[in-house]
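K.L.:
What follows is a structure written as structure tokens; I'll ask about it next.
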Amino acid sequence: MRTVDVATLKAIVAERGREGRSITAIAGPPGAGKSTLAESLAAALEADEPGSAAVFPMDGYHFDDLVLVPRGLRPRKGAPETFDVSGFAHMLGRLRANRDAEIAVPVFDRSIEIARAGARMIPRSVRHLIVEGNYILLGSGEWHLLHRHYDTTVMIDVPEEELRRRLAERWKDLDAEAFAFKMDVNDMPNGRLVRTESIMPEFVVRQ
């Protein structure tokens, strides 16, 4: 495990995707800044070579509320059991094979808490595919099925007090009961799970 800054990570990813598609997995607790890092990394790679990089977020594989509510899982939305892990794994395999001219992937719309099907296109020209999500490095259950598709693994390390501050800002408009549930029953425990149950990453980015 090696600690790197974003510039160093960009150079590593660029080199690994020089000859063909390379998949970089970026994991971290809720509020760690996975989406921000993934999008920044893709933008930096795109600046050097337009059309070479894309982001594939895990959150597009949230189960819909039509599934979560009957199963009693709606309050736990965002926990590992509320994702279609097998579906995500199959899509990763298709993206790694890179046989299609372009592949449509779902993207989670946080403003309405719904995954939009086919909301992002990933063309064959993309060599640097950046996958991001809380649990994509978990070593338990079906999550381990994802690991064989990765060429580079990255964990974002953020102090717990900073995660709490960021999550409090995210959920500040909730009422007191919903806020407490989101923070201390869902997001913070999920973050500790990511820290303790993920496999050892190749690289760590500290924020």
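FYI, it's all coordinate maths here, none of it is from the lab. These figures come from a predicted structure and were not determined experimentally. Virtual Cβ from ideal backbone geometry, glycine too; neighbours counted across all protein chains shown.
K.L.:
Across the Cα atoms of the stretch 54-189, what radius of gyration and what greatest pairwise Cα-Cα distance (Dmax) are found, in Å?
P.N.:
16.1, 49
K.L.:
Can you show me the helix-derived [θ] at 222 nm for the chain, built from DSSP H runs with n ≥ 4 at -39,500 (n - 2.57) apiece and divided by the number of residues, rounded to the nearest 500.
P.N.:
-10000 deg cm²/dmol, from helical runs alone.
K.L.:
Here's something else I'd like to know. Between 0 and 90 degrees, rounded to the nearest ten: what's the tilt of helix 160-170 against the longest Cα principal axis of the chain?
P.N.:
80 degrees
K.L.:
Distance from the Cα centre of the stretch 1-46 to that of the stretch 182-205, in angstrom?
P.N.:
Centre-to-centre distance over Cα atoms comes out at 18 Å.
K.L.:
Here's another thing I want to ask about it. Arg74 to Asp173: FRET efficiency via 1/(1 + (r/R0)^6), r the Cβ-Cβ distance, R0 22 Å, to the nearest 0.05?
P.N.:
0.75
K.L.:
Sticking with this one: Got a sec to turn the phi values of the stretch 59-73 into Karplus ³J(HN,Hα) couplings, 6.51 cos²θ - 1.76 cosθ + 1.60 with θ = phi - 60°, whole Hz, x for Gly and Pro?
P.N.:
4, x, 9, 4, 5, 6, 4, 5, 8, 5, 5, x, 8, x, 9
K.L.:
Just flag the trypsin sites (Lys or Arg not before Pro) in the stretch 89-125 sitting in loop per DSSP whose Cβ has no more than 13 other Cβ atoms within 10 Å.
P.N.:
Arg99, Arg110, Arg124
K.L.:
Can you pull out the trypsin sites (Lys or Arg not before Pro) in the stretch 1-59 whose DSSP state is coil and whose Cβ has at most 12 other Cβ atoms within 10 Å?
P.N.:
Arg18
K.L.:
Where in the stretch 135-189 are there trypsin sites (Lys or Arg not before Pro) that are in a DSSP coil and have at most 12 other Cβ atoms within 10 angstrom of their Cβ?
P.N.:
Lys172
K.L.:
What is the sum of charges, Lys and Arg at +1 and Asp and Glu at -1, for the other residues whose Cβ falls under 14 Å from the Cβ of Val4?
P.N.:
Residues near Val4 contribute 0 overall.
K.L.:
For the stretch 2-206, compute the number of Lys pairs whose alpha carbons are separated by less than 20 Å, excluding pairs fewer than 8 positions apart on the same chain.
P.N.:
6
K.L.:
Shifting gears a bit: Around Phe56, which amide H atoms from residues at least 5 apart in sequence, or from another chain, sit under 5 Å from its own amide H, with H modelled in the peptide plane?
P.N.:
Those lying under 5 Å, H to H, from Phe56 are Ile130, Val131, Glu132.
K.L.:
Multiply the residue gap between Arg164 and Asp48 by 0.36 nm, knock off their C-alpha separation, and tell me the result in nm, one decimal place.
P.N.:
My answer for the length gained is 38.2 nm.
K.L.:
Throw me the Rg/Rh for the stretch 149-207, computed over C-alpha atoms with Kirkwood Rh, two decimals.
P.N.:
Computed over Cα atoms, the ratio is 1.07.
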